[in-house]
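To start, the structure itself, in structure tokens.
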Amino acid sequence: MILTVTLNPAIDKILYLKDFHLHKLHRLEDGDMSLISPGGKGVNIALNLKRLGNEVITSGFVSGNAGHMLCDALQQEGITTSFIFTPGFTRTNLAILDRNNETLTEINDFGEHIGQDDIDFFLEHFETLLNRIDLLIFAGSLPFGVNEEILKAMVEMARTKSIKTMVHALPKYTQSLLEASPFLIVPDMRSHYKLLGNPVDGIDQYLETGKKILEQSPFTEWAIFINRIENVVAVSRHQSYVIRPKNLKIVNMLGYGDAYFAGFVHAYLQNWPEITILQYASACGLTNVEDLYKEIRDAQAIENNLYRIEVEEVG
Amino acid sequence: MVALASNIFTFQTYFALAIFVLAFSFIISEKLPNAVAAMMGGFLLLAFHIIDQEDAVEYIDFDTIGLLCGMMITVAVLRKSGLFEYIAIKGVKITKGNPWKILVVLSIVTGVLSAFLDNVTTVLIIVPLTFAVADTIKINPTPILFSEILFSNIGGAATLIGDPPNIMIGGATHLQFMDFIIVNGPVILIVSVVTIFILRLIYYKKLTSIQVDTARLMAFDEKRTIPDKTMFIQSMVVFTLIIVAFVTQHVHQVSLASIALGGGFLMIMVTRQHPEEILKEVEWPTLFFFAGLFVIIGGLEKTGVISMVADKMISATNNQMGLATQLVLWVSAMCTVFINSIPYTATMISVIKDIGEITTGNIDPLWWALSLGACLGGNASTIGAAANIIVAGFTQKTAWPIKFGQYFKVGFPLMLVSVIIVSVYLHLVFFFWGS
Amino acid sequence: MKLVRDFIIKDISSVTENSPVRRVIKNMRLHRVSIMPVVNKLGEYIGCISEEDILEAAVPDYMKKIYNTSFMANIDQIIAHLTQILDDKAIALTDVNYPYVTPDDSLEYAADILYRTKGNMLPVLESKKLVGLITLIQILSVSIE
């Protein structure tokens, strides 16, 4: 059983338009598409993991009608929900995919403000969940009112029960993560090019930063930079890798990181060799971006895409 | 014959006595429910052929049981009318939230209700209301509860239907409803006034020094207590009829049991209640307790134990009725401090009946001594009467539990005072002015 | 035969035995449920706590004994007493005998229990672990689907 924690989930409103312009009224018509689905990084990862055949519990904070909608939708997918309801309304994140111009516009709303009382109860509840899971995933941002201490608290609580934690979060949390020291760190570098105060972009800098992370964080086994899909850089305790997909035909980047991450988790749980894990994870990412939806809908396609992933061992 | 009975103790005598002692100790120690102890005791007497079947049925005083049952039915319907709560709330409102006045009013209400209802029923109605009032105006309800315990027993002594000892005496003797009011009524009035006066000495300062929030008390809405006005009026009319029938019993000579049972079912009929529902409210264990008890005491009668006791009493008092009266009064009061007044009274009724057969004098003073002694004696401790046990038990789960010693300090002296008053009263009425 | 397994709502929201009553009420309101499973620190199911259980604890004993309940309508005793127990632990009010089903029980069995207990929700357990819920409306809905 895997637990994914999403402290700041959202309802994703995704519009697929043929031609998107600012300062213009758009009426959806034939060929356009509008989707509403549960969202937020941890939730997306849970959806992908379920598609890949894993049993998943998902927890975090939700509120209001949107919160109920989110839980219902996840349960429909066969995911076990265990959210803490807080006063207010779960946010809506808007994504507009312009299919002709191949642009993706995303607007992520503020999250809810979470009170200390709810944070305390979440941790109390989280502790009870630890007894039934094999792996903990934390993904996404922290809502207002929740400070980074919670990351350390969760990772450490999990570690006392010998549960590994895998994290996919914004680079601004990296300093706290180095102290928490989870098993896997995947910084979410979309629209961020700085990590630990230094600009980080390009294979060399990724490799260097990945090694630095492993040096400073005693329990971390993997650091992976995925935001350049054509050059994913993974650093493990044994080896560093650059992973490149062939003949990439990007349809929709939305949900790429979450699909990649879910793929890594799934492959890791199969006890495959490192190279196979990385291959599978990238195949998941690839399958996702070549499809219209934000999560993997066709698990079969992953197998077929495995051969397109090239893993190079470096330094 | 008396001498014979007291001299020859057979196996039967010992067996009946053993059953009696066993059943009594089970009842007092609460090792067995009253009804079970009494019925099993009665059964054993039959099983070992100490008494035969016809005798057993003969010994059961169906007039008493019918009267109890009828009153239980009547009260069950009356409770639904909301009358009792209505009276209590109206009374509490008159006090304007003065705690001492609340004590007085609730005591009077308890006393009056007890005179016409079973004491246990009365306190079951009054005690929760008292807690509600105390909780609302934030006072300690203990003094009020003490007073209610006292007045449930005092009020109960005033009428034939007020308290189990009186019901049994009424059922077993020629004494009628009005006799009880005429003889017991005045002394009960005196005892009530004296008791209130003593309680005032103890509690007045304590209770009037409390600042209370009167407005909250006024929010009680007595109109809500009566769910159905028509039914309320119907039950009131029938209840009045029943009381009139009791009062005029010397005219029409219809038995108490018939009046009560007839009245009860008339009540069910007029108010269109479901008999299943009302009959569920009847305390069947109590009725079986009485039946079993009558059989056990029948066993004592048949084997000569009762005659022996009666004989001893007569010789102890030198055949002087005045002395016998005092003896019965004080023994009754002291016995019922700790033991259940019902089995005690049932036994004593047999004894006094026996005395009546032996002596030629008027034994009526003995009946009154038994009635007043057994009713008032119960006031001494928290286990002295069924109502006391109910009240004390109810408080245990609350913030104001009544402790045995705490109550005894107030109850026992007050009981002594009341029995002294009764003692003087009975002497004056029957042996000073009467003779 | 229809099994609970196929109708289970996979929600394992719960409170812990040490959660204060205040938290239980808050969760019930926000989760829009009238009954909450209670688990211990190890995540093992202990029992359920319902709105009725909380009310039962809040209503003073004397009020339960009053034959005619309505006359206290204008007094806020229940709320006042409830305020006093808000910091009590959930375990104190938990019904440890609240019935439950397992995924392999039949829907019929769940309906029978709900009928007998007049409840509208049953926790579904798998070896002491809460795995979800089954609600009465789901069972009723089977007939119209």
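Readers should treat all values here as calculations from the given coordinates under stated rules, not as data from a laboratory. Because the structure is a prediction, the values reported are computed rather than measured. Counting neighbours? That spans all protein chains shown, and the Cβs are built from the backbone with ideal geometry, glycine included.
Suppose every Lys and Arg Cβ carries +1 and every Asp and Glu Cβ carries -1, with no other charges. What dipole size does the protein assembly as shown come out with about its Cα centre, to the nearest 20 debye?
With only Lys, Arg, Asp and Glu charged at Cβ, the dipole is about 2060 debye.
Given axes a ≥ b ≥ c from the Cα gyration tensor, I'd like to know whether the range A:79-219 is rounded (a/c under 1.5), prolate (a/b larger than b/c) or oblate.
oblate
To the nearest 500 deg cm²/dmol, what mean residue ellipticity at 222 nm is calculated for chain A from DSSP H runs of n ≥ 4 alone, each contributing -39,500 (n - 2.57), summed and divided by the residues?
Taking each H run of at least 4 residues, the total per residue is -10500 deg cm²/dmol.
Arranged by the count of other C-beta atoms within 10 angstrom, fewest first, what order do A:5, B:105, A:232 take?
In increasing order of surrounding Cβ atoms, one gets B:105, A:232, A:5.
Given the -39500 (n - 2.57) contribution per DSSP H run of 4+ residues, what per-residue ellipticity at 222 nm results for chain B, rounded to the nearest 500 deg cm²/dmol?
Calculated at 222 nm, the ellipticity per residue is -25000 deg cm²/dmol.
With the cut-off at 26 Å, tell me which of the pairs A:50/C:118; B:101/B:223; B:93/B:138 have Cα atoms farther apart than that. Please report the intermediate quantities before stating the final value.
Details: A:50/C:118 36 Å; B:101/B:223 22 Å; B:93/B:138 16 Å.
Beyond 26 Å: A:50/C:118.
Whole angstrom only: what separates the Cα centroid of the range B:313-337 from the Cα centroid of the range A:211-270?
One Cα centre to the other: 103 Å.
Of A:278, A:195, A:66, which is farthest along the charge dipole of chain A in the positive direction, counting Lys and Arg as +1 and Asp and Glu as -1 at C-beta?
Checking the options against the dipole of chain A, the answer is A:278.
Please give the net charge around residue B:13, taking every other residue with its beta carbon less than 13 angstrom from that of residue B:13, where Lys and Arg add +1 and Asp and Glu add -1.
0
Taking only C-alpha pairs under 8 Å that are 6+ residues apart, what is the relative contact order of chain B in percent?
25 percent.
Using only Cα atoms and rounding to the nearest 10 degrees, what angle (0 to 90) does helix B:364-377 make with the longest principal axis of chain B?
50
Determine the distance separating the Cα centre of the range A:1-50 from the Cα centre of the range B:60-109; give it in Å without decimals.
What the calculation gives is 69 Å, centre to centre.
Quote the charge dipole size of the range C:4-142 about the Cα centre in Debye, to the nearest 20; the model charges only the Cβ of Lys and Arg (+1) and of Asp and Glu (-1).
With only Lys, Arg, Asp and Glu charged at Cβ, the dipole is about 320 debye.
What net charge is computed for the residues neighbouring residue A:55, neighbours being all others with C-beta under 11 Å from the C-beta of residue A:55, Lys and Arg scored +1, Asp and Glu -1?
Within the 11 Å Cβ shell, the charges total +2.
Quick one: angle between helix B:142-156 and the longest Cα principal axis of chain B, in degrees between 0 and 90, rounded to 10, please.
Compared with the principal axis, the helix lies near 50 degrees.
Note down the net charge around residue A:16, summing +1 for each Lys or Arg and -1 for each Asp or Glu among other residues with Cβ under 13 Å from its Cβ.
In short, -4.
Please give every one of the lysines within straight-line cross-link reach of residue A:212, meaning a C-alpha to C-alpha distance under 20 Å, and leave out same-chain neighbours fewer than 8 residues apart.
Candidates past the 8-residue exclusion: A:152, A:172, A:194.
Expressed as an acute angle from 0 to 90° and rounded to the nearest 10, what is the orientation of the C-alpha long axis of helix B:404-426 relative to the principal long axis of chain B?
60
Search the structure for amide H atoms under 5 Å from the amide H of residue A:55, placed 1.01 Å from N in the peptide plane, and list their residues when 5 or more places away or on another chain.
It is A:2, by chain and number.
Lysines near residue C:89 by alpha-carbon distance under 20 Å, same-chain residues fewer than 8 away left out - which ones?
Leaving aside lysines fewer than 8 places away in the same chain, those within reach of residue C:89 are B:397, C:26, C:41.
What list of ³J(HN,Hα) values in whole Hz, one per residue of the range B:116-123 in order, does the Karplus curve 6.51 cos²θ - 1.76 cosθ + 1.60 (θ = phi - 60°) give from phi, with Gly and Pro shown as x?
Whole-Hz 3J(HN,Hα) from phi for the range B:116-123: 10, 10, 4, 4, 4, 4, 4, 5.
Along the charge dipole of the range C:4-142, pointing to its positive end and built from +1/-1 on Cβ of Lys, Arg, Asp and Glu, which listed residue (C:19, C:125, C:111) has its Cα farthest out?
Final value for the positive-end residue is C:19.
Using the 10 angstrom Cβ neighbour count as an exposure proxy, how do B:216, A:297 rank, fewest first?
A:297, B:216
Would you please name the chymotrypsin sites (Phe, Trp or Tyr not before Pro) within the range B:19-86 that are DSSP coil residues with at most 16 other C-beta atoms within 10 Å of their C-beta?
B:48
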